[in-house]
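Visitor: One structure is given below, represented as structure tokens, and several questions about it will come after.
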Amino acid sequence: MQRKFGFIGLGLIGGSIAKAIRQFVPDAEIVAFDKNKEALALATQESVIDVAVSSIDENFKNCEYLFLCAPVSYNTAYLKQLSGYLDEDCILTDVGSVKSDIHREARRLGLNGYFIGGHPMAGSEKSGYANSKAMLIENAYYVLTPSPGIPQEKINRFSKFVEQLRAIPVVMEPEEHDYVTGAISHLPHLIAASLVNFVRDHDTRTELMKNLAAGGFKDITRIASSSPTMWQHICVKNRENISQILDSYIQDLTQVKELVDQADEQGIYDLFDTSRNYRNSFPSASAGPIKKSFAVYCDIIDEAGGIAAIATILASNNLNLKNIGIVHNREFEEGVLRIEFYDEASSRRAAELLQKFRYIVYER
């Protein structure tokens, strides 16, 4: 029997999951609804989906899985519209970064027997179906938050399905999920956005801050380029956790200010030392919304064809570049040229090749 999957929303995450299903379950039937007609047209053209619909209707009957992939506020509203199309074996899920609210609505609608919250810990500062890719969730943690009383068989089935898509299932309670992601995902996005706006509002008349910004500043603020609509919804829906976490963080920042005001050398040293040690203890293979980058830095002579020579070496050895560019501000990095790759193996291979050709290389 042909497996059937339904999608409400076909943006970055929805599109990536649909593409992963198409790759690993090639004969699947995929039905999708999205208000963005261009996304549906492109997905149809690429043969990622089989049926594009303009409303939530009977096309969503007999789905093995129904994915809610719209912004979190909309996902909650779509639950009621889908309730009439759920078969007994169907698993209804979402991909939102906030879980408690949608679980409350699922319980109110009597959908606990169908609903398992989902959150693939993967993403990009770019949004929309055009930026989706099957490998986006590969090796990423995929959090599952089962409703109370849902059959264990459905939890096991969903976990195995996540593994089939090459992601890593992690089961936890909705409330625990919202607190954890509030600290490691939602807070960093707020910090990044507020830091970028701080520089904008306090820059010099000639915009020296903006023009010189590089290195660490760009690394920690890259996520400020994420979808404003998505983060507006997340902050509203997880406001209690985020507010509590912000209170604690502001207290910590106040203590940091006191260290600086008092020129407390030992306290300042301990601040950076403990953070460095804890940061270095993070698993290097973990995946999440703030992606680890795989880059090498290389010294090259400023001469015509210098970059082209390096690109040719890498291309001739079948290494795909994600990005390449001159580092103008090297306060936080060694090397003139920064070359970024899609995976760690490629970056290591590139370093070996460039060193073989007598380039001075620094691995990040």
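Visitor: Label Asn318 and Arg348 with points 7 Å out from Cα along Cα→Cβ: what is the distance between them in nm?
Guide: 1.8
Visitor: Tell me the carbon and sulfur percent of the accessible area for the chain, rounded to whole percent, probe radius 1.4 Å. Please report the intermediate quantities before stating the final value.
Guide: Values: 10230 of 20000 Å².
The C+S portion of the solvent-accessible surface of the chain is 51 percent.
Visitor: Let's see if you can work this out: charge +1 on each Lys and Arg Cβ, -1 on each Asp and Glu Cβ, no other charges. What is the dipole magnitude of the chain about its Cα centre, in debye to the nearest 20? Spell out each step's value before the answer.
Guide: Values: 38 positive and 47 negative charges, 163 e Å.
About 780 debye.
Visitor: Placing +1 on the Cβ of each Lys and Arg and -1 on the Cβ of each Asp and Glu in the chain, which of Tyr179, Phe7, Leu337 has its Cα farthest towards the positive end of the resulting dipole?
Guide: My answer, from the dipole projection, is Phe7.
Visitor: Once every DSSP H run of n ≥ 4 in the chain is given -39500 (n - 2.57) and the sum is divided by its residues, what mean residue ellipticity at 222 nm do you get, rounded to the nearest 500 deg cm²/dmol? The partial results should precede the final answer.
Guide: Numbers: 14 runs with 164 residues, N = 364.
About -14000 deg cm²/dmol.
Visitor: Give, as ranges by residue number, the residues of the range 1-19 whose backbone N falls under 12 Å from the point 7 Å along Cα→Cβ of Asp57.
Guide: none
Visitor: Please get the size of the charge dipole for the range 176-270, origin at its Cα centre, with Cβ charges of +1 on Lys and Arg and -1 on Asp and Glu, quoted in debye to the nearest 20.
Guide: My answer is approximately 640 debye.
Visitor: Report the charge-dipole magnitude of the range 1-134 in Debye, nearest 20, computed about the Cα centre from +1 at each Lys and Arg Cβ and -1 at each Asp and Glu Cβ. Before the final figure, lay out each step's value.
Guide: On the way: 14 positive and 16 negative charges, 75 e Å.
In debye, rounded to 20, the range 1-134 gives about 360.
Visitor: Restricting to the range 55-190, what percent of DSSP beta bridges are antiparallel, rounded to 5?
Guide: Counting DSSP beta bridges with both partners in the range 55-190, the antiparallel share is about 35 percent.
Visitor: Here is a further query. Sorted by packing (mean other beta-carbon atoms within 10 Å per residue), highest first, where do 263-273, 145-155 land? Write down the numbers at each step before the final one.
Guide: Values: 263-273: 11.5, 145-155: 15.3.
Top of the packing list down: 145-155, 263-273.
Visitor: What does the charge count near Ala52 come to, summing +1 for each Lys or Arg and -1 for each Asp or Glu among other residues with Cβ under 13 Å from its Cβ? It would help to have the intermediate numbers written out before the result.
Guide: On the way: positive: Lys35, Lys37; negative: Glu29, Asp34, Glu38, Glu46, Asp50, Asp57.
Local net charge: -4.
Visitor: Given a 1.4 angstrom probe, what's the average accessible area per residue across the chain, in square angstrom? Walk me through the numbers on the way to the answer.
Guide: Numbers: 20000 Å² over 364 residues.
Ligands and nucleic acids excluded, the result is 55 Å² per residue.
Visitor: Using the structure shown, select from Lys19/Lys133; Lys80/Lys154; Lys19/Lys80; Lys99/Lys237; Lys160/Lys237 the pairs with a Cα to Cα distance greater than 18 angstrom. Display every interim value, and only then the final one.
Guide: Working: Lys19/Lys133 6 Å; Lys80/Lys154 21 Å; Lys19/Lys80 26 Å; Lys99/Lys237 9 Å; Lys160/Lys237 29 Å.
Violating the 18 Å Cα-Cα cut-off are Lys80/Lys154; Lys19/Lys80; Lys160/Lys237.
Visitor: If you don't mind, another one. Looking at the chain, send over the antiparallel percent of its DSSP beta bridges, to the nearest 5. Mind dumping the intermediate values first?
Guide: On the way: 19 of 40 bridges.
Once the DSSP bridges in the chain are tallied, antiparallel ones form about 50 percent.
Visitor: Once the dipole of the chain is set up with Lys and Arg at +1 and Asp and Glu at -1 on Cβ about the Cα centre, which of Ser159, Tyr362, Ala134 lies farthest towards its positive end?
Guide: After comparing all options, I get Ala134.
Visitor: Between Arg205 and Asn139, take the C-beta separation as r, use R0 = 30 Å, and let me know the FRET efficiency to the nearest 0.05. Write out the running numbers ahead of the final one.
Guide: On the way: r = 47 Å, r/R0 = 1.55.
Taking R0 as 30 Å, the efficiency between Arg205 and Asn139 is 0.05.
Visitor: Just want the answer: with Cβ charges of +1 for Lys and Arg and -1 for Asp and Glu, which residue in Cys90, Phe24, Gly110 is farthest toward the dipole's positive end in the range 22-121?
Guide: Gly110
The values are calculated or read from the model by the stated rules, or taken from the named source; none is laboratory data. What you see is a predicted model, and the numbers here were worked out from it, not measured in a lab. Ideal geometry is used to build each Cβ from the backbone, glycine not excepted, and the neighbour counts take in all protein chains shown. Quick note on the areas: whole protein, heavy atoms, side chains included, nothing else; ligands and nucleic acids left out. Shrake-Rupley method; radii C 1.70, N 1.55, O 1.52, S 1.80 Å.
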